[in-house]
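The structure appears below as structure tokens.
The values are calculated or read from the model by the stated rules, or taken from the named source; none is laboratory data. Since the structure is predicted, the reported quantities are computational estimates derived from the model, not experimental observations. Glycine gets a Cβ as well: all are built from the backbone with ideal geometry, and neighbour counts include every protein chain shown. Just the protein is used for accessible areas: all its heavy atoms, side chains included, with ligands, DNA and RNA removed. Shrake-Rupley method; radii C 1.70, N 1.55, O 1.52, S 1.80 Å.
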Amino acid sequence: TVKRLVIGGKTVKGAKVKMLSAHENSFTDKDGNRWEGAFITVRSGEGIKTLSDFRGKRVAINDIGSSYTYFLRAKLVELGIKPDDVTIIPIPFAQMAGALLQKQVDVMIATADGYLQAKSRAEVDVIGTQTTLENLDVSVTSAFGVNNDYLAKNRDVVVRFLRAVLQARTWMREAVAKNDPELLNLVAASMKYSPERAKAFWETRGGYYGRELSTVNLLDLSKRLIDRQVAVFKTAGLIEAGKDVKYETVVDITPLRDAYTSLKLNWDESKH
């Protein structure tokens, strides 16, 4: 898998790479369950309620060059806050909870793991998520990409790969719908998690399969996602403000559509 923003950025800069499909989604479902890739988390009772309160604060992000940095800076600009009025501190995901609770930072943009670690040790609040940061109803934490030359020469292989992923995701969705108790055992064994950690992961991240389909096609890289990325890249100065970046420049969705057809899956263009 490849991080979608890295591939998206390289593609629009001319690298011979296209994104093919989503791999993992980030969203909050209609029942309010957060299946998010990132949780914007603060210590409770310190007056930080929204991103509008970030001026003068220290924010932990996994890497200065990560996608979260660009989306945060773009969001701050939209809120009328100068990005330089917020101090971004790069901290690995595994160390974020400790940094927040030791008051080395005021905010962390953490994974579900980091949020759960902090929550187990102190009172914390989630004031935003990946999708609220990105202004999207459903986002993507990772995507499948391919070299253009390889795609041209081995299109059948690419379609078969995507078909296998679609089939596996369909089986996973069916298992989730049946509430199969073996799923947690599989998660614990494959990821070397304790039963407690596997349960927490499943309830905040891993068990979403099928719930995203109310807003997006299975494994789809939607046009609204790419449009938002391009807008953020322009705000960050990574793409010239007047440059027209078309969806087809970044994504080739046709292999995924072909895989859909081969499995007789329905594609809803209104969700794309």
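Values for this structure:
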item	result
Under Karplus coefficients 6.51, -1.76 and 1.60, residue-wise ³J(HN,Hα) of region 184-199 in Hz, glycine/proline x	5, 5, 5, 4, 4, 6, 6, 9, 6, 9, 5, x, 5, 5, 4, 5
In order through region 131-146: 3J(HN,Hα) via Karplus (6.51 cos²θ - 1.76 cosθ + 1.60), integer Hz, x for Gly, Pro	5, 5, 5, 8, 6, 10, 7, 8, 10, 10, 8, 7, 9, 8, x, 8
Long-range Cα-Cα pairs in region 150-272 (distance over 16 Å), rounded percent	71
Antiparallel DSSP beta bridges within the chain, as percent of all bridges there, nearest 5	75
Probe 1.4 Å, accessible area per residue of region 121-195, Å²	57
Under 5 Å, built H, 5+ apart or other chain: amide partners of T28	W35
For region 79-120: accessible area per residue (Å², 1.4 Å)	46
Residues with amide H under 5 Å from that of V124, placed H, sequence gap 5 or more	S44
With every protein chain in place, the chain: carbon and sulfur % of accessible area (1.4 Å)	51
Per-residue [θ]222 nm for the chain (sum of -39500 (n - 2.57) over DSSP H runs n ≥ 4, rounded to 500)	-13000 deg cm²/dmol
Relative contact order %, the chain, counting alpha carbon pairs below 8 Å whose residues are six or more apart	30
Convex hull volume per residue in cubic angstrom - Cα atoms of region 68-215	174
The chain: radius of gyration over Cα atoms, expressed as a fraction of 2.2 N^0.38 Å	1.04
Gap separating the Cα centres of region 103-159 and region 185-235, nearest whole Å	7
Other-chain or far-sequence residues with amide H under 5 Å of V17's (modelled H)	N148
Nitroxide proxy distance, nm - points 7 Å out along Cα→Cβ at I64 and L238	1.6
Ranked packing of 70-79, 259-268, most packed first, by mean Cβ within 10 Å	70-79, 259-268
Full-stretch length increase - A175, A94 - with 0.36 nm per residue and alpha-carbon distance subtracted	26.2 nm
